[in-house]
Amino acid sequence: MTTPLNITLCLSQTKPEPWEAGLKAALPGATVRNWTPGEPPADYAVVWAPPQAFLDEQPKLKALFNIGAGVDALMKLRLPLGCQVVRLDDAGMSVQMAEYVCHAVIRHFREFDGYEADVQAGKWSYRKPRLRADYPVGVMGLGVLGERVARALTVFDFPVHGWSRTPKQIEGVQGHSGAEGFDAFLTSCRVLVNLLPLTPDTADILNRRTLSLLQPGAYFINVARGAHLVEEDLLALLASGHMAGATLDVFRTEPLPEGHPFWTHPKVTVTPHTSARTLRDESIAQIAGKMLAMMRGETVAGLVDPARGY
Ligand code: NDP
Ligand code: OXD
């Protein structure tokens, strides 16, 4: 007789009941419990930003399944020895990210905010069409999400550049890689999209020096993590005119604190960390499939390398 699969859930800011029900339905016979202190140790955990106290009580965990793509919050914790970390691998997020980024790029390029302001003022006015060639877009991070975004941008005929840790070949995208390729990547771009994971190598990577390398009148779209950006440096470059504007979905402190200058900045669009939401049904199906594959001894996609931090 095989021992039933024992799964624990520890989801901050997320209602656990639908996840518990969904995992039970996807894995008949498994024990699935929402964690409360003092529970018996489980084999697998499904988590979002769990507290250290949870991990300290789970010495037998074989794997932690993160219900997001970014594992930065998890990698700051002391994990049980030998426990693997598995992140969401797309699960419906890449199409949302492509929609969000293309929308932001096109809105800026076509000056739709300006037209909206004119219409509000009752003005029927034209702006001179901009040249696509003057708006090369750079995507930092060419992983599951970045590659989809870069490909989507090529559909609109923007010149597209990409930057990754290791070299990548994507049709229609000019690749740059490694620390040695970073400055040349930045100087090639006027619009910059951040889709890097947050690791010790990428924290504060967008700062006065790096943003200043972008072409004048630059536009920045941050859909990765707030801690990639030195916020005061972006504000200073918006004030100097080097940066034309920004669309920001993620912030150093979330929710964005009351009174933060981004809330009311005329050149900044704020959204509440919503560019690519976790879709519950797709995520449960992916996680359940990976648990079964791991139990059969197979390797699964989305395994986090602790040395790289993503
Ligand atoms: P992946 O792990 O698939 O891709 C990461 C990419 O970043 C890879 O191309 C990798 O290079 C590159 N990279 C990592 N470190 C470096 C470095 N030091 N220098 C250059 N390139 C580097 O991640 P995803 O695409 O799935 O997700 C990216 C991030 O998006 C997540 O970590 C998360 O923070 C954020 N996110 C935000 C959401 C939101 O709603 N705002 C939703 C979902 C995710 P290589 O290919 O060589 O390994
Ligand atoms: C994620 C996120 O990492 O939603 O999935 O930010």
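The values are calculated or read from the model by the stated rules, or taken from the named source; none is laboratory data. None of the values given here were measured: they were computed from a predicted structure. We place every Cβ from the backbone using ideal geometry, glycine too, and count neighbours over all the protein chains shown.
So here's what we get for this one:
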{"read-out": "Output for the range 123-182, where each listed residue is loosely packed, with under 12 Cβ neighbours inside 10 Å and within 13 Å of residue 102 (Cα to Cα)", "value": "155, 157"}
{"read-out": "Residues that are over 15 Å from residue 5 (Cα atoms) and either buried (at least 22 other Cβ atoms within 10 Å of the Cβ) or among the hydroxyl-bearing types (Ser, Thr, Tyr) (or both), drawn from the range 59-68", "value": "66"}
{"read-out": "Candidates 71, 46, filtered to the one that is within 22 Å of residue 4 (Cβ to Cβ), touching a residue at least 40 places away in the same chain (Cβ under 8 Å) and within 20 Å of the chain's Cα centre (by Cα)", "value": "46"}
{"read-out": "Those residues of the range 209-230 which are in contact with a Pro (Cβ under 8 Å, 6 or more places away or on another chain) and more than 16 Å from ligand 1 (Cβ to nearest atom), in sequence order", "value": "215"}
{"read-out": "In the range 74-121, the residues that are under 16 Å from residue 148 (Cβ atoms) and surrounded by fewer than 16 Cβ atoms within 10 Å (Cβ to Cβ)", "value": "95, 99, 103"}
{"read-out": "Qualifying strands (runs of 3 or more DSSP E) (wholly inside the range 57-164; at least 3 residues being within 16 Å of ligand 2 (Cβ to nearest atom), outside the structural domain of residue 175 (by TED's automatic domain parsing) and farther than 23 Å from residue 280 by Cα)", "value": "none"}
{"read-out": "Those residues of the range 185-233 which are away from ligand 2 (no atom under 15 Å from the Cβ) and small (Gly, Ala, Ser), in sequence order", "value": "188, 203, 212, 217, 218"}
{"read-out": "Residue pairs meeting the criteria (Cβ under 8 Å; at least 6 apart or on separate chains; first without any contact (Cβ under 8 Å) to a residue 60 or more places away in the chain and within 22 Å of residue 72 (Cα to Cα), in the range 227-255; second assigned to a loop (DSSP other than H, G, I, E, B) and among the aromatic types (Phe, Trp, Tyr))", "value": "231/251"}
{"read-out": "Criterion: under 20 Å from the mean Cα position of the chain (by Cα), under 20 Å from residue 95 (Cα atoms), within 13 Å of ligand 1 (Cβ to nearest atom) and in contact (Cβ under 8 Å) with a residue 24 or more places away in the chain - qualifying residue of 195, 206, 153", "value": "195"}
